[in-house]
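Dropping a structure here in structure tokens format, bear with me for questions.
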Amino acid sequence: MEGLRELYQEVILDHSKKPRNFREIENAAHHAKGHNPLCGDRVTVFVTLKDGRIEDVSFQGAGCAISTASASMMTESLKGKTMADTEALFGRFHDLVTGKVQRGEGTEGLGKLAVFAGVQEFPIRVKCATLAWHTLRAALSNHQEAISTE
Amino acid sequence: MNVSGESSVVGARPSPAKKLSFDVLRIRQDFPILKRKIRGKPLVYLDNAASSQKPKAVIDAITRLYSEDYANVHRGVHELSQRSTEAYEGARLKVRRFINAGSEREIIFVRGATEAVNLVAQTHGRVQVRAGDEVLITTMEHHSNIVPWQILCEEKGAHLRVAPINDRGELILDELEKLLGPKTRLLALAHVSNALGTINPVREIIRMAHQRDVPVLLDGAQAVPHMAIDVRELDVDFYAFSSHKMFGPSGVGVLYGKEALLEAMPPYQSGGDMISSVSFEKTTYNRLPYKFEAGTPNIADVVGLGTAIDYLDGIGMEAIGAYEHELLDYGTQALSEIPGLELVGTAREKAAVLSFTLEGVHPHDVGTILDQDGIAVRTGHHCAQPVMDRFGIPATARASLALYNTKAELDLLVAGIHKVIEVFR
């Protein structure tokens, strides 16, 4: 139960049940679709920019608790960020969930996203945690085709 | 080539008395992997529709062949080549008898059920299907019985038609019958659905198709491990299945085809073993079944499949079917009592597959939490996305049972699902 509680922390469960920014941004300049063909998770990320910073970011889709919570918490942590900030945050998040950094260390700047440290113990779930992020990056680079975890 | 007679290689069928007893605890002793622990807990393996575990007899047969008798088949005059050939062809005779085919010429060894379907699509299909023709499949097919036909139809300018299913996950026979038209060149369908467990009334369907001169291919991958198959009684034209789902090694499968159809088909792949003579002007193809077995085959794993058949014969398919049905009833009852759990696939005729969704919890999360207790289930779309679309769900969790599963394991599954509910409450 220990590892499970670590993975399914209260805040993750809360975001998976009540995802924030779960909406479409009409006519968003940047949007992309992401798909994990292994589990069927699908996400669409919408982004609007203003003066080189993320003005608004939202998502829609259906997925597991980890992917939904990750998408929800991602949208909360990105408003006002520059492209460089966003890339840096993704890098730190990726290092965290893939276990490149140990929990408790190197999590500065991750804020609430540090709760995803539990994913380290479940390598098969890394793709769930990063799907929304990969989709966000695709949206920002105006990727036309749906991106896939595979 | 000299193939040993059936009697010396295959042995007699088990006696009826033996078939009546079913001692699951003794059967479990035959499967070494069932003794292992996952995170300190006993393995509860409920992912048999994806692949089954192997009895020691199968593992030993492969080791023995490599340790004692291995050489290439159908070639050398030397002792080992003859012994390997005898073992390999002996397995073909076992398969022939196991599905009651008329002749060993009708048993083609391939890599798996997927390759068997592809073989038929690329040979029979390519010759028989023309522009404007139709190939009929069903909503419940595994991707491996969809995509080969889609590719064929695209190439030929033909149309893929799909027979619908009802809310229980059963084929709607009236609709299927209507779709069998003058342009239908082939009907390809699952004998048993991997995602839903539905056992299709294939005898009736084959009769329906044959009345309109439409040949039928059955994807038997999910049927063969659970019930006795008699291809002649079914009068099926092609029957495809995999070794790895029936307690044999992976990498081997079987295509059964009626001899007349196989004779008329062009070769699939070309190379060694499938020819009888080659010059730069003209190649004469080998006779059946070798025409469809180009190159050195998967000798040891075919021998392993033969041993898996011996193993199943030793228990008896009727006894296995009856025991699994008891497990299915028990599991269906137990899962139905869990609040928020919905079974997907409730056909009246069903194999031991329990596909389900849990309210408010994604199947992937169900799978991760069950795995913590050593319970292996499959989560996802089960390579049957059209089935998921039909039920309007992205995925299910699926417990698929086999002859070595027990009611106690189903109790552990139920306890595990309650734990999932607790985590997500």
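Any idea which residue in the range B:347-383 is farthest from the other protein chains (Cβ to nearest Cβ), counting only those that are touching a helix residue (DSSP H, G or I) at 6+ places or on another chain (Cβ under 8 Å) and polar (S, T, N, Q)?
B:T357
I need a count of the residues in the range B:384-394 that are assigned to a loop (DSSP other than H, G, I, E, B) and more than 10 Å from chain A (Cβ to nearest Cβ).
Of the residues in that region, 2 qualify.
In the range A:7-42, how many residues are in contact with a His (Cβ under 8 Å, 6 or more places away or on another chain), assigned to a strand (DSSP E or B) and within 14 Å of chain B (Cβ to nearest Cβ)?
Residues meeting the conditions: 3.
Given B:G253, B:G257, which one is buried (at least 21 other Cβ atoms within 10 Å of the Cβ) and closer than 30 Å to B:F31 by Cα?
B:G253
Filter the helices (runs of 4 or more DSSP H) completely within the range B:298-382 down to those with at least 1 residues that are aliphatic (A, V, I, L, M) and buried (at least 24 other Cβ atoms within 10 Å of the Cβ).
Where helices (runs of 4 or more DSSP H) fall fully within the range B:298-382 and carry at least 1 residues being aliphatic (A, V, I, L, M) and buried (at least 24 other Cβ atoms within 10 Å of the Cβ), they are B:299-315, B:363-372.
Taking only pairs six or more apart or across chains, which ones have beta-carbon atoms under 7 Å, a first residue in the range A:109-127 that is within 11 Å of another protein chain (Cβ to nearest Cβ), and a second residue that is small (G, A, S) and surrounded by fewer than 21 Cβ atoms within 10 Å (Cβ to Cβ)?
Once the first residue is within 11 Å of another protein chain (Cβ to nearest Cβ) and sits in the range A:109-127, its partners that are small (G, A, S) and surrounded by fewer than 21 Cβ atoms within 10 Å (Cβ to Cβ) give A:E121/A:G3.
Quick check on A:A84: is it more than 15 Å from the chain's Cα centre (by Cα), of a type in the set (A, V, I, L, M), part of a helix (DSSP H, G or I) and over 30 Å from B:P386 (Cα atoms)?
In short, yes.
Conditions: (1) within 14 Å of another protein chain (Cβ to nearest Cβ); (2) farther than 16 Å from B:P339 by Cα; (3) within 25 Å of the chain's Cα centre (by Cα). B:A397 meets all but one. Number of the miss?
(2)
B:G272 fails exactly one of the following numbered conditions: (1) farther than 22 Å from B:V236 by Cβ; (2) part of a loop (DSSP other than H, G, I, E, B); (3) touching a residue at least 60 places away in the same chain (Cβ under 8 Å). What is the number of that condition?
That leaves (3) as the condition not met.
Here, each number is a calculation from the coordinates, and none is a lab measurement. Everything numeric in this text was worked out from a predicted model, so none of it was measured. Cβ atoms come from the backbone with ideal geometry, glycine included; neighbour counts cover every protein chain shown.
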